[in-house]
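Colleague: Please find one structure pasted underneath; my questions will follow.
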Amino acid sequence: MQSVEAAAKAVAARIERLAVERVPLADARSRVLADDIQAARALPIFDNSAMDGYAARSAELPATLPVVGMVAAGQVMAEPVPPGVAIRILTGAPMPVGLDTVVIQEDAKVDGHNVTLPASPVGDNVRRAGEDIMPGEVAVTGGTRLFAGELGLLAALGLVEVSVVKAPRVALTTTGDELVDHATTPLPGQIVDSSAHMLGSMVKALGGEPSYFGIAKDDPISLAAMIASAFDHDAIIRTGGVSVGDRDHARSALTAAGVELELWKVAMKPGKPFSFGMNGRVPVFGLPGNPVSSFVVFELFVRPALLQMGGAKVTQRPRVPVQLVRGYRKPAGRAHYIRARVVRNGAHLIAHPHPKQGSAMLSWVMGCSAVVELPADAT
Ligand code: AMP
Ligand code: MG
């Protein structure tokens with residue numbers, strides 16, 4: 001049985017980045033930028049006023065000066081300004097040629113056509129061309145997922161289209177004779193397939209496109225056929241049928257479908273029956289049937305792999321040390337993953353484990369904010 005760390009490495013080693021496509025900036029939200037974007041222009045493009053006030057020459061201040069003109073945002077004062085005058089200026093307006101400081105209007109005393117301005121250092125209240133970004137500087141690095149801030153920056157730089165890594169198209173199938181779709185009222189003995197929805201939404205959250213292939217029966221031939229029919233996708237996630245029950249045919253079905261198995265069982269709880277294999281370039285993830293086990297295995301192995309496939313630089317969730325309250329007994333051997341509510345207490349983060357830790361129980365989702373990892377060798 002592999003350790004969690006060895007399993008994660010084995011998966012990462014096989015994942016290849018997908019191809020690149022051009023998309024309009026308007027469609028680029030949550031996509032991963034393929035390559036560094038260098039600024040083709042300075043930001044701001046020209047020196048402009050940061051405030052409403054009066055533009056003047058710092059060296060002439062303090063002084064009472066005639067106000068000989070006005071420039072608002074969007075206007076340009078073409079003529080250089082002669083010495084000994086001030087210009088009324090509004091926020092965002094280009095600095096008139098020759099002037100180097102802006103006194104905010106609250107500090108100016110206006111008397112008819114004259115204004116009295118206090119001393120003001122060169123560059124005060126002036127936004128310098130290029131002070132944000134210089135032409136040629138890397139504005140957004142490749143591998144960054146684009147969200148509001150990045151999209152705003154790229155728009156300011158005039159990008160209409162960007163190169164992003166293709167979104168992983170992920171086939172999703174669950175397995176079990178007992179499973180019924182969530183829209184069906186279960187008959188005695190039937191269990192509602194909750195994992196399809198849960199995992200589909202986890203795929204979407206990382207920028208992937210899930211397609212649901214339905215529920216496979218516990219029969220190796222139809223399971224193999226369903227797996228094989230999904231090889232035109234970038235990745236396959238299938239759940240269930242991987243323990244050692246009489247009806248667990250996943251292993252033979254995977255082999256029959258031409259999947260080369262690299263991992264079969266990982267030293268973790270929940271989630272031990274995790275399998276991973278490849279068919280050519282297509283990774284096939286086998287998740288345990290129990291929904292909590294699928295959730296944890298997805299978080300630990302599938303999410304990082306799909307992010308890596310999608311070109312993202314950051315593939316791991318943030319991790320912080322926490323203090324676990326309440327006793328928890330665990331033998332050495334497997335890493336344990338406990339769902340918990342984490343609260344701050346001064347400098348410490350305190351993890352309160354949810355009382356319902358059963359791997360088939362879903363009610364923990366209310367109030368839990370973290371999965372707590374207890375390392376394999378911890379007791
Ligand atoms: P298995 O891995 O097939 O042995 O399934 C383990 C347990 O998880 C069994 O109780 C199954 O009924 C249950 N289970 C399997 N697949 C799902 C699913 N998609 N949604 C909810 N429960 C499931
Ligand atoms: Mg089963």
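Colleague: Which number in (1) open to solvent by less than 40 Å² (accessible area, probe 1.4 Å); (2) at negative phi; (3) within 16 Å of ligand 2 (Cβ to nearest atom); (4) not basic (Lys, Arg) marks the one condition that Phe301 misses?
Modeller: Here Phe301 clears every test but (3).
Colleague: Which members of region 205-252 meet the condition of being touching a strand residue (DSSP E or B) at 6+ places or on another chain (Cβ under 8 Å) and in contact (Cβ under 8 Å) with a residue 60 or more places away in the chain?
Modeller: The answer is Gly207, Gly208, His233, Asp234, Ala235, Ile236, Ile237, Arg238, Thr239, Gly240, Gly241, Ala250.
Colleague: Only one of Ser195, Ser163 is touching a strand residue (DSSP E or B) at 6+ places or on another chain (Cβ under 9 Å), more than 19 Å from Ala256 (Cα to Cα), within 14 Å of ligand 2 (Cβ to nearest atom) and of a type in the set (S, T, N, Q). Can you tell me which?
Modeller: Details: Ser163 fails: within 14 Å of ligand 2 (Cβ to nearest atom).
Only one candidate qualifies: Ser195.
Colleague: Name every residue in region 127-151 that is assigned to a strand (DSSP E or B) and surrounded by 17 or more Cβ atoms within 10 Å (Cβ to Cβ), in order of residue number. Can you show your working first?
Modeller: Step one: of region 127-151, the residues assigned to a strand (DSSP E or B) are 127, 133, 138-140, 145.
Result: Arg127, Ile133, Ala139, Val140, Arg145.
Colleague: Suppose the filter is part of a loop (DSSP other than H, G, I, E, B), open to solvent by less than 20 Å² (accessible area, probe 1.4 Å) and in contact with a Gly (Cβ under 8 Å, 6 or more places away or on another chain); does Ala312 pass it?
Modeller: In short, yes.
Colleague: Here's something else I'd like to know. Considering only residues that are among the charged types (D, E, K, R) and modelled with pLDDT of 95 or more, look in region 338-379 and name the one that is most open to solvent (accessible area, probe 1.4 Å). Step through it out loud before you land on a result.
Modeller: Just the residues of region 338-379 that are among the charged types (D, E, K, R), to begin with: 339, 341, 344, 356, 373, 377.
Now drop any that are not modelled with pLDDT of 95 or more, which leaves 339, 341, 344, 373, 377.
On the way: Arg339: 2, Arg341: 108, Arg344: 174, Glu373: 63, Asp377: 122 Å².
Step by step, filter region 338-379, then rank; the result is Arg344.
Colleague: When only residues in region 209-222 that are hydrophobic (A, V, I, L, M, F, W, C) and away from ligand 2 (no atom under 11 Å from the Cβ) count, which is farthest from Val192 (Cα to Cα)? Don't jump to the end; show me each part of the working.
Modeller: Keep residues of region 209-222 that are hydrophobic (A, V, I, L, M, F, W, C), which gives 213, 215-216, 221.
From the residues that got through so far, the ones that are away from ligand 2 (no atom under 11 Å from the Cβ) too are 213, 221.
Working: Phe213: 16, Ile221: 23 Å.
So the residue we want is Ile221.
Colleague: Within region 182-204, can you find the residues that are free of Cβ contacts under 8 Å to residues at least 60 places away in the same chain and closer than 23 Å to Arg29 by Cα? Lay out the reasoning, then the answer.
Modeller: Just the residues of region 182-204 that are free of Cβ contacts under 8 Å to residues at least 60 places away in the same chain, to begin with: 182-193, 196-197, 200-201, 204.
Within region 182-204, His197, Gly200, Ser201, Lys204 meet the criteria.
Colleague: Can you tell which of Gly277, Gly286, Gly258, Gly271 is away from ligand 1 (no atom under 16 Å from the Cβ), modelled with pLDDT of 90 or more, open to solvent by less than 20 Å² (accessible area, probe 1.4 Å) and not aliphatic (A, V, I, L, M)? Talk me through it step by step, then tell me what you get.
Modeller: Working: Gly286 fails: away from ligand 1 (no atom under 16 Å from the Cβ); Gly258 fails: open to solvent by less than 20 Å² (accessible area, probe 1.4 Å); Gly271 fails: away from ligand 1 (no atom under 16 Å from the Cβ).
Testing whether each residue is away from ligand 1 (no atom under 16 Å from the Cβ), modelled with pLDDT of 90 or more, open to solvent by less than 20 Å² (accessible area, probe 1.4 Å) and not aliphatic (A, V, I, L, M) leaves just Gly277.
Colleague: Report yes if Leu206 is over 31 Å from the mean Cα position of the chain (by Cα), away from ligand 1 (no atom under 11 Å from the Cβ), open to solvent by less than 50 Å² (accessible area, probe 1.4 Å) and closer than 20 Å to Ala305 by Cα, otherwise no.
Modeller: For Leu206, the condition - over 31 Å from the mean Cα position of the chain (by Cα), away from ligand 1 (no atom under 11 Å from the Cβ), open to solvent by less than 50 Å² (accessible area, probe 1.4 Å) and closer than 20 Å to Ala305 by Cα - is not met.
Colleague: Is at least one residue of region 256-264 part of a strand (DSSP E or B), in contact with an Asp or Glu (Cβ under 8 Å, 6 or more places away or on another chain) and among the hydrophobic types (A, V, I, L, M, F, W, C)? Show your work before the answer.
Modeller: The initial filter retains those residues of region 256-264 that are part of a strand (DSSP E or B), namely 260-264.
Going one step further and asking which of them are in contact with an Asp or Glu (Cβ under 8 Å, 6 or more places away or on another chain), we end up with none.
Checked against the condition, which is being part of a strand (DSSP E or B), in contact with an Asp or Glu (Cβ under 8 Å, 6 or more places away or on another chain) and among the hydrophobic types (A, V, I, L, M, F, W, C), region 256-264 yields no hits at all.
Colleague: Further, regarding this structure: Out of everything in region 78-126 that is charged (D, E, K, R) and in a loop (DSSP other than H, G, I, E, B), what residue ends up being farthest from Val68 (Cα to Cα)?
Modeller: First, the residues of region 78-126 that are charged (D, E, K, R): 79, 88, 100, 106-107, 109, 111, 124.
Narrowing further to those that are in a loop (DSSP other than H, G, I, E, B): 79, 100, 124.
Working: Glu79: 12, Asp100: 16, Asp124: 21 Å.
Top of the filtered list is Asp124.
Colleague: Then there's this: What's the total number of residues in region 229-249 that are more than 9 Å from ligand 2 (Cβ to nearest atom), of a type in the set (Gly, Ala, Ser) and either crowded, with 16+ Cβ neighbours inside 10 Å or closer than 12 Å to Asp177 by Cα (or both)?
Modeller: Count: 2.
Colleague: Name the single residue, out of those in region 157-182 being surrounded by fewer than 15 Cβ atoms within 10 Å (Cβ to Cβ) and more than 16 Å from ligand 1 (Cβ to nearest atom), that is nearest to Asp234 (Cα to Cα).
Modeller: Per the stated criteria, the residue is Glu161.
Colleague: Could you please find all residues in region 330-352 being hydrophobic (A, V, I, L, M, F, W, C), touching a residue at least 24 places away in the same chain (Cβ under 8 Å) and not in a strand (DSSP E or B)?
Modeller: Ala332
The values are calculated or read from the model by the stated rules, or taken from the named source; none is laboratory data. Bear in mind the structure is a predicted one, so any value in this text is a computation, not a measurement. Here Cβ is always computed from backbone atoms with ideal geometry, including for glycine, and neighbour counts include all displayed protein chains. Heavy atoms of the whole protein, side chains included, go into the accessibility calculation; ligands, DNA and RNA do not. Shrake-Rupley method; radii C 1.70, N 1.55, O 1.52, S 1.80 Å.
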